[in-house]
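Below is one structure, written out as structure tokens; the observations come after it.
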Amino acid sequence: MSIRERISGIWLISMTLLALLAYTVFFVAQMWLNILFGLYLALVILQGAALIIYMWGPEKLKSRPMKWLYRLLYASSFLVIPCFVFIFMGLVSQYHVDIPDAVDAAAIPVEDILPAGKTRVYNTGTVYVIFPEYTEIDLVCEHRPSKSDESITWCSGAAFQHTVSIGFTQENVEGDHAVSGVLYESPYNKASFGAFTFADGAFSFAFDDPSGAVRKAAEAGGSGFMQFGLIHDGQTVMDFDRPRARCYRTLAELNGHVCVIDSVNMLHFDAFMAELHRLGVTNALYMDMGAGWNYSWYRNAADRVVTLFGLPVPWSHNWVVFRR
């Protein structure tokens, strides 16, 4: 066996194992995008087929179509590394960064976890409670908010989108939503949705009639969107079973103030909910967007941008922003 053939064998074995690892990570991490799921599964099959032919002996292939098929299978191995890098970045994006300037709230009474003049972050040991500085809360669609916009103090994904699409349409946003006084009705409203709105200088959570709340906010020139209801009047309203740990987020009302609550590290959903109830969260919407969709950042009290989840995806098209 020549050196070239040995190198080809090592390459195919390595790419087959790497493709299998990428698919396993994709499956275990539950990064459920149907298109990518098929792609990663296809890569495993293609690399396995190429490796089997190599071990059998490509020189034994007699027909020209079979030889070209082997070359095509071999060429597909060059897609494995970029696909693995993509899935690795997606996995990394599920881990929350540390916030070193957060106030240690382990010994602070929950009723004293309150906003300040500037953006303030509390660390309870289990979750970060983030009170962005704001005078206005908007829903932004299509064009991702820029970190250079110094008026923005918080930015994160807001509503779910019905399909994975590079192009943007308002109809693809799940749930009725309003953008600066313009109402967009959605064909994808769900009974489990609640609404968050901001109009006339005040925020509101609505669970009994979320569509009506969004419509009312639009009529007042405000913004709003719908997401799965999590807590209503202090009671859990979301029946949700996650079999694994991850980082969770909620847009919530705590001590009469709107805030964002993120888990400090990956944890199970029931532990996250237990901490929300310990804090006395009144109302909350589920805001865990998944890898890539959970792109988020805020501007701290020193006016520096802190990126929490830094991997945006091109098919994410709507965000909730706090503005000062």
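The values are calculated or read from the model by the stated rules, or taken from the named source; none is laboratory data. Quick caveat, the model's predicted, so the values are computed rather than measured. For neighbour counting, all protein chains shown are included, and Cβ atoms are generated from backbone atoms with ideal geometry for every residue, glycine included.
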Conditions (1) farther than 22 Å from Val258 by Cβ; (2) free of Cβ contacts under 8 Å to residues at least 40 places away in the same chain; (3) in contact with a Ser or Thr (Cβ under 9 Å, 6 or more places away or on another chain): number failed by Ile108: (1)
Extreme residue, surrounded by the fewest Cβ atoms within 10 Å (Cβ to Cβ), among residues of the range 234-281 that are of a type in the set (Ser, Thr, Tyr) and closer than 21 Å to Asn123 by Cβ: Ser263
Some residue of the range 129-141 being touching a helix residue (DSSP H, G or I) at 6+ places or on another chain (Cβ under 8 Å), surrounded by 14 or more Cβ atoms within 10 Å (Cβ to Cβ), farther than 27 Å from Gly256 by Cα and hydrophobic (A, V, I, L, M, F, W, C): yes
Qualifying residue in the range 233-242 (condition: assigned by TED's automatic domain parsing to the domain that holds Gly194, at pLDDT below 95, of a type outside the set (Ser, Thr, Tyr) and in contact with a Leu (Cβ under 6 Å, 6 or more places away or on another chain)): yes
Criterion violated by Gly212 - all others in (1) touching a residue at least 12 places away in the same chain (Cβ under 8 Å); (2) more than 28 Å from Val264 (Cβ to Cβ); (3) touching a strand residue (DSSP E or B) at 6+ places or on another chain (Cβ under 9 Å); (4) not aromatic (Phe, Trp, Tyr) satisfied: (1)
Contacts under 6 angstrom Cβ, first residue in the range 141-155 being farther than 20 Å from Ile130 by Cβ, partner outside any loop (DSSP other than H, G, I, E, B), 6 or more apart: Cys141/Val179; Cys141/Asn318
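Okay, residues lined up against (1) surrounded by 11 or more Cβ atoms within 10 Å (Cβ to Cβ); (2) at pLDDT below 80; (3) within 32 Å of the chain's Cα centre (by Cα):
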{"site": "Leu12", "(1), (2), (3)": "yes, no, no"}
{"site": "Met15", "(1), (2), (3)": "yes, no, yes"}
{"site": "Leu18", "(1), (2), (3)": "yes, no, yes"}
{"site": "Ala22", "(1), (2), (3)": "yes, no, yes"}
{"site": "Lys62", "(1), (2), (3)": "no, no, no"}
{"site": "Ala102", "(1), (2), (3)": "yes, no, yes"}
Any chance Phe272 is on the phi < 0 side of the Ramachandran plot, of a type in the set (Phe, Trp, Tyr) and not in a strand (DSSP E or B): yes
Entirely in the range 95-194, the strands (runs of 3 or more DSSP E) that have 3 or more residues that are more than 21 Å from Asp288 (Cβ to Cβ) and of a type in the set (A, V, I, L, M): none
The range 174-199: number of residues that are of a type in the set (Val, Ile, Thr) and touching a Leu at 6+ places or on another chain (Cβ under 9 Å): 1
